[in-house]
1. Condition test on D:Ala87, is it in a helix (DSSP H, G or I), within 12 Å of another protein chain (Cβ to nearest Cβ) and surrounded by 22 or more Cβ atoms within 10 Å (Cβ to Cβ)?
2. If you go through the range D:62-82 one residue at a time, how many are outside any helix (DSSP H, G or I) and crowded, with 21+ Cβ neighbours inside 10 Å?
3. Being under 30 Å from A:Ser205 (Cβ atoms) and more than 14 Å from chain D (Cβ to nearest Cβ), is that true of even one residue in the range A:97-118?
4. What number of residues in the range B:81-98 are facing chain C (nearest Cβ under 8 Å) and either open to solvent by 30 Å² or more (accessible area, probe 1.4 Å) or within 30 Å of D:Asp171 (Cα to Cα) (or both)?
5. Just to be sure before I move on: is A:Phe227 of a type in the set (A, V, I, L, M, F, W, C), out of contact with any Lys or Arg (no Cβ under 6 Å at 6 or more places or on another chain) and surrounded by 24 or more Cβ atoms within 10 Å (Cβ to Cβ) in the structure I sent?
6. Would you check if there is a residue in the range D:311-328 being hydroxyl-bearing (Ser, Thr, Tyr), open to solvent by 40 Å² or more (accessible area, probe 1.4 Å) and at pLDDT below 90?
7. Could you tell me which residue of the range A:256-282 is nearest to A:Leu149 (Cα to Cα), considering only residues that are open to solvent by less than 10 Å² (accessible area, probe 1.4 Å) and within 14 Å of chain D (Cβ to nearest Cβ)?
8. If you scan the range B:117-146, which residues turn out to be in a loop (DSSP other than H, G, I, E, B), surrounded by 14 or more Cβ atoms within 10 Å (Cβ to Cβ), away from chain D (no Cβ under 12 Å) and not hydrophobic (A, V, I, L, M, F, W, C)?
Amino acid sequence: MLTGLLLAAGSAGRGLIDLDLTSLPLVGEMLAEHPTIAWPLLMLAIGCGVVIGYITVFSLLAVYAERKISAFMQSRLGPMEVGPYGLLQTAADGLKLLAKEDIIPRDADKLLYIIGPIFVFTGVWLSFVVLPYGPDLIVADLNVGLLFLAAVASIEVVGVLMAGWASNNKWALFGTMRMITQLVSYEIPIGLSFVAVVAISGSLSMQEITLDQQGWFWNWYLFRNPFLFVGFFLYFIASLAETKRAPFDLPEAESELVAGFHTEYTGMRFSLFFLAEYAAMYVVSATAAVLFLGGWCTGFAFIDSWMMESAGFQRVLANVVGLTSITIKAWFLVAVMMWLRWTLPRIRLDQVMYVCLKVLLPFSFGVLVFSTLWELVTDGTLFGDWWPLFQFLISIGGFGLLMMNFMAKERPYDIEADFRPLRHSEVHAAPDAGARG
Amino acid sequence: MGYFGDIYDVSKSILTGMGVTLKYFVNPKTITTVQYKRPERRGEGELHEVPHLPDMHKGIHYLETEECIMCWQCANICPVDCIVIEGTRDGEVEGAYQGNRANLTRFTIDYSLCIYCNLCCEACPETSTCIHMGKEFDFTSYDQGSLVKNLLTDEKFTKEDLRFTTNAQSKIEELAEEKKRKAAEAQAARKAAAAAKKAAAAKKAASTPDTPAKKD
Amino acid sequence: MGLTASEIVERVRAALPDDIIVATEDDVAEADETKKKAPETIDPFVLAKPESLRKVCEWLCYEPDLRFDLLHCISNIDYPDRNVIQVIYHLDSIRHKHTFTVKVDLDRADPKVESMVPLWPAADWHERESFDLMGVIHTGHPNLKRILCADDWVGHPLRKDYEFPEEYHGIPCGPYVTEYANIPPEHEVWLKEFEAEDAAKRGGPSS
Amino acid sequence: MIEAGADIRTEEFLLNMGPQHPATHGVLRLVVRTDGELVLDCECHIGYLHRCFEKCAEGNPYTSVIPYTDRMDYLAAMCNNQSFSLAVEKLAKIEVTDRARWMRMATVELQRIASHLMAVGTYGLDVGAITAFLHCFRERERILDLFEEMSGQRLNYSYIVPGGVLYDWPDDMPKKIENFCDQMEVRIREYNDLLSGNGIFIKRTADIGVLPADVAIAWGCTGPVLRGSGIKRDLRKDRPYEFYDQVEFDVPVGRGLHGTLGDCWDRYWVRVQEMSESIKIIRQSISKYSTSTGKYLTTPANKQLRPPKGEAVYHTTENPRGELGYYVVSDGEPIPYRVKARAPSFCNVAVLPEISRGTMVADLVAILGSLDIVLGEIDR
């Protein structure tokens, strides 16, 4: 909520909250003298500050949540020492990271080594520009918002390449190569999921995509048609890979590559990578929320209509409601990411490529083609106003049937069945060892 | 199995696994770890109040000083030679700790070496059984030197203690010298007595030289 | 279960009479009257001639009734007083489930024996260890270099006359010599004295 | 642009994995020659944890060697104690009572479960599943609690000594062990849901690091590594020591359930199954223990053993990691003349270069994990 208020303050430039900045001593003078330069600069400064603050606070909370989630899944207590229930643990860790010595390896390419993490962080940071948080809470409602998002996400690749190559460390190089292979490949299924959504919404603007999903929650694109329902899962899996979360965390697979491309990094630079990772988690989750889960729309028709119609102070309240709505959705997806991470083993590089090129890619194409076809055929009005509800029921019903199928079959490994003793002849095909000589 | 079968199986097993973790996540009763109460957070009297420490627990040693006979059995059997005993059984030393007919100036265990194998307690002879393993286990420190424990005072071994033991060492050596001297004197006296006896016997024998011959 | 060790000894003696020196406890006494310290063991074994060890092992490995397909371990013992380094091959048969021991006595000054790697690849690391710690040279080994100690370590630590170096590349590494070793030599005597005193005190002068 | 016909010049890569690396289970150093992610060759360098066990044993009385054996395979210290004690008992002709033998069997099998839990858990960790690791640790902790009540220690017990065990069990110990066994059976099913049956886990381990049976035998692999290749060899069955001939249990072997016989998954699965078999043995031992009589220790712990001169004994037992052998030579003194330990991991890890060629770096980690090595006993 604190971050929400900060963000609300950040969008003061849109005339929502009437702050008289011109009355401030130094800033006021500058604003009066050079209004065309100073105003954008001021807005930029405020925006940067707000986004950085948001990323930091989100990361602190997300790290704490991740630790607690993992702990509870593993029958542990998790951090308990610093603060009540260990709440300040991540803050303490952050302070420790900042206070740590900044080491640059002697044989590293210093320039690239230094700007690598900045690139990575910038890529993620820019993504926040187009994320809508409420009817008016958006830094820039670009008409190519989704394209912008896909574009800035690939800046990360450059940053990682710089960092990994400049570290002059073999493990870092391994991690970099894995990371780049993975990021570049997984942009395709992600892009296709975007296109599938754009084909239906008819717009690349994040705000317009959100507005298209107003009303009851069966209006969300997730339930728009059964193919987009699958598309959501495809996007979610691909976004796991995009943010290098388990089971796709092999760029920094700690049991294989020590720490991957940021092996050599310490202190502040490491924490930039760290923040970028958690911020990226938030970005992809919020994007998923916007594309499939109605963004800042609440899923209740009357609230949504109130949010759009309100004015004045109620408008501010509406923005806060929208912010809460999207935050809850994004947090839920982040929690699922954590849940997956603490359950699954890591997959191998060739399997990562297999999943991308042979599973996600054909499926994404299928989703794109068939969901468009579905839209064309049904024309959105097959059963009048109740059509969205029917589609919702179709999606949920299909999902339910699949789940029932999963639950109905016997468990994958029945320990009793695997324990039938072997016959002697089955076992004793003792080969000739000595024949090797 | 095929392409779709593979995807189906993998997703199914993933959901099964997620079911297990979710079961643990939602059930707080499954948490098995407990918060360790660090020494500085414990009260004065709670030093040993750590839950579920079995009776058998092998912690840091304690010594029944008045029982110790300074037999060096524990130091002898120790596989890592971490026990040092200094003292004397020859007599009083000022400031020394009174054992069972022994004056102990030093009985330390270096816990940077000790492997808690309990062999010292096993080796302690039945007449004394003075060294035991206690239940305290929290013996952390920031430098290796302060891991040496003085069993005589049950505290960490300090530099002051070292000064005392070095001072006492000369006294112990003196006592040993004295004992040696006394022993030598006693030996000499015994030798003299024996010589005198022998001489007397020889005299006696000389006086009766034919006695053995009589037997033949 | 397969054959017992004594049965195997009989077979080896029958098949390869010229290649083995002694086989059992009695043989030790018979064959080597001068070397009284030759070990007797609980399990029978075969003491092969160093030059024909390969032949004995090959026979043991390929003989259909024996089929010792698993080289379990290669041990070695230093006997400085006999001027012998003994290398012991513990063999095992997975198919027939029996075990056997082959020993070979080598000259302590020049311990050389043929490598068993062509027969059992498992011998690779065991022979490297044997070379590293005891200095036995297994001729024909593909990669005979130190395995546990550092490559530039001097000496073979498991020999009885090995002297521990004071330092290795400036790192002090001798045995941990401190005050902790200063147990007075007469401590056993003191304990006995005390126990006698104690018994006298408790039991009174009459006992 | 690459011209037609011109090769892309690639370089081979020499990668030092370890001695400080999370996947090498200690201080093993692997020099890996890679072509991209492909492992062309790898070479093991050991000895970073060499503590001269054999030299130390030559300078300590038989009873004082027991703590050293703890530190060889520190994850299965009981089994090491037992193996050395059996060798010394055979050497010095010490009798052990039935009761002590049943106690030993129960503790050793508990230790086997603890060790396999560690193996299974860290294997999960190697392929990236962290939760399974901590779940395994939770159960292992319960075993360690039991051991602490028996011996007072949690890792290096020195509990089994020549002549029996060092301390008697508390009265409620059989009950506690029974309780643990009941729980453990449920837990194993849970591990299977979480890890063994996981599709990703199977994809990572099946068909990887295939160790054919003849290669396994030739390289002297034993224990679950050999059994994973489909060979039914278990010293507890083939050459019974203690009372293993009086209990009923199966020897699980790999059967290539998800791929080729002898792959990583088979070795892993053998360990999971062995845990269930150990539970069977524990239950039987506990029931026999309750009816048996006798002292728990026949020779006092502080008595110096002096086996007859010139005796040499090679005694092998089935350790969780394979066949552990102690060759003990006596010259009539209270300290052994020579102790040689045949460490199972030492032989098992030697096969690693053989089976890791042509795999990927991530597979190398998986193969290493499936061999379940403990550097303490490789380096001794």
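1. Values: in a helix (DSSP H, G or I): yes; within 12 Å of another protein chain (Cβ to nearest Cβ): yes; surrounded by 22 or more Cβ atoms within 10 Å (Cβ to Cβ): yes.
So D:Ala87 passes the test.
2. Going through the range D:62-82, the residues outside any helix (DSSP H, G or I) turn out to be D:71-76.
Cutting the leftovers down to crowded, with 21+ Cβ neighbours inside 10 Å gives us D:72-73, D:75-76.
Adding up the residues that qualify gives 4.
3. yes
4. 2
5. In short, no.
6. no
7. Among those that are open to solvent by less than 10 Å² (accessible area, probe 1.4 Å) and within 14 Å of chain D (Cβ to nearest Cβ), it is A:Gly260.
8. Hits for the range B:117-146 are B:Thr127, B:Ser128, B:Glu136, B:Asp138.
The values are calculated or read from the model by the stated rules, or taken from the named source; none is laboratory data. Note that the structure is predicted; figures quoted are calculated from it, not measured. Because the Cβ atoms are built from the backbone with ideal geometry, glycine has one as well, and the counts that use them run over all protein chains shown. For accessibility, only protein heavy atoms count, side chains too; no ligands or nucleic acids. Shrake-Rupley method; radii C 1.70, N 1.55, O 1.52, S 1.80 Å.
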